[in-house]
Structures are given as structure tokens and as C-alpha cells.
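Novice: Right, I'll just put the structure down here and ask away after.
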Amino acid sequence: MMNTGLLLACLALSPIPALADPQPANGALTPSTALEAKVSAEFKSKPGGPSASGPIEVVRLSEQPWYTAPDHAVARQLFAPANSRCTSMSLAEIVIPAGVAVREHFHKQREEIYHIVSGKGLMTLDGRTVEVGPGDTVVVRIGERHKILAHKDADLEMLVASVPAWAESDLNFTE
């Protein structure tokens, strides 16, 4: 059975052209930049966001900045408390450049789910290593030491969910 949350996350990476830039229907107005700014302010000011009849928040992948994390991963948040109304988890697109290893680390307060989108690599979890590739998913529980190495022939792209939301303060390096 397919995980609906993961399916939605994957769809966020591959926008459907018909939905990516909606056209007005029967003279209806599309959201303007001013309305989007108002909606963004509304999400930040109200814990529950707008009412069910209000606009839906959309985090645009193309607008999220890339950064290099201290563990050598190149990442951007698809959603997190810092860029959305999500309050308790995060989802990041992470690219490990070909031949690069993420430094071994663990988290005292969060679980992670690694879902491999493309490329291949070696995932090490508490000293055990397994090869991973597209379609593979690995759960990392609180306190488990983990690292991943991208094969030298291609970048390794993955989606990483974190509960609670990822925080650099809970990145504890062991090497």
C-alpha cells in the first residue's frame, strides 16, 4: 500500500503542468502577489492557519534556497516550521554529491525517514551497512548513528522527513 504523505511529497518535486500555473475559469481571479503575501502573514499570525474556506498554502520548491549542511549534505526544505504553517515535522530534498559521504551522526530528539529518489549509495545505521537505490526507504530512530555515502558515479537524491522538525542543534557528530 502506498504512503499518501510520501506520494504528496513526490508530487511536490514533479509539478503537474496543468496545476503548476492555474488559469482563470469563468472570469475568476488567480491569486495575486499581494494576496499571497496576505495569506503568508495570516499563516504566521494564526496557529491553525486560515479557515477551511480560505486559501491553501503552497510551498514552492523552486523558491526554497539550497544550503550545505554541516554533515556535507546539500539540502533545501520542502516544508518546515520556518517556511510553512507546518509545526511538528519537516521534509527536505537532499542531494549527496557523487562520491561524498555524509558524516556519521545521531539525533537525541528526532526520527528521520530517508527515501531514495535517484542514484545509489551505502547507508550505514548503527554499524550495519546496506546498499540503497531508487525506491528504497530507511527509517532512522532516535539515537541511531547513521551516515550515507553516494556512489562515485552519480549524485544521490533523497527525500528526508524528520519528526519533530529537523534542527541543526540536534545534529550530534560521532566522526
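Novice: Within region 86-175, which strands (runs of 3 or more DSSP E) (wholly inside it) include 1 or more residues that are more than 18 Å from the chain's Cα centre (by Cα)?
Specialist: Per the criteria, 121-125, 128-132, 146-150.
Novice: When you look at residue 130, is it surrounded by fewer than 18 Cβ atoms within 10 Å (Cβ to Cβ) and among the aliphatic types (A, V, I, L, M), yes or no?
Specialist: Considered against the rule, which asks whether it is surrounded by fewer than 18 Cβ atoms within 10 Å (Cβ to Cβ) and among the aliphatic types (A, V, I, L, M), residue 130 comes out as yes.
Novice: Among 93, 104, which is the only one that is acidic (Asp, Glu) and buried (at least 20 other Cβ atoms within 10 Å of the Cβ)?
Specialist: Step by step, each of 93, 104 is checked, and only 93 is acidic (Asp, Glu) and buried (at least 20 other Cβ atoms within 10 Å of the Cβ).
Novice: Taking residue 169 and the conditions (1) without any contact (Cβ under 8 Å) to a residue 12 or more places away in the chain; (2) farther than 18 Å from residue 70 by Cα, which numbered condition does it fall short on, given that it satisfies the others?
Specialist: Failing condition for residue 169: (2).
Novice: From 65, 70, 55, which residue is modelled with pLDDT of 55 or more and more than 21 Å from residue 160 (Cα to Cα)?
Specialist: Of the residues listed, the single one that is modelled with pLDDT of 55 or more and more than 21 Å from residue 160 (Cα to Cα) is 55.
Novice: So residue 65 clears everything in (1) of a type outside the set (A, V, I, L, M); (2) surrounded by fewer than 17 Cβ atoms within 10 Å (Cβ to Cβ); (3) touching a helix residue (DSSP H, G or I) at 6+ places or on another chain (Cβ under 9 Å) except one condition, right? Which one?
Specialist: (3)
Novice: Considering only region 72-83, how many residues are under 12 Å from the mean Cα position of the chain (by Cα), part of a loop (DSSP other than H, G, I, E, B) and without any contact (Cβ under 8 Å) to a residue 60 or more places away in the chain?
Specialist: The number of residues fulfilling the criteria is 1.
The values are calculated or read from the model by the stated rules, or taken from the named source; none is laboratory data. Small disclaimer: the values here were computed from a predicted structure and weren't measured. All Cβ positions, glycine included, derive from the backbone under ideal geometry; neighbour counts span all protein chains shown.
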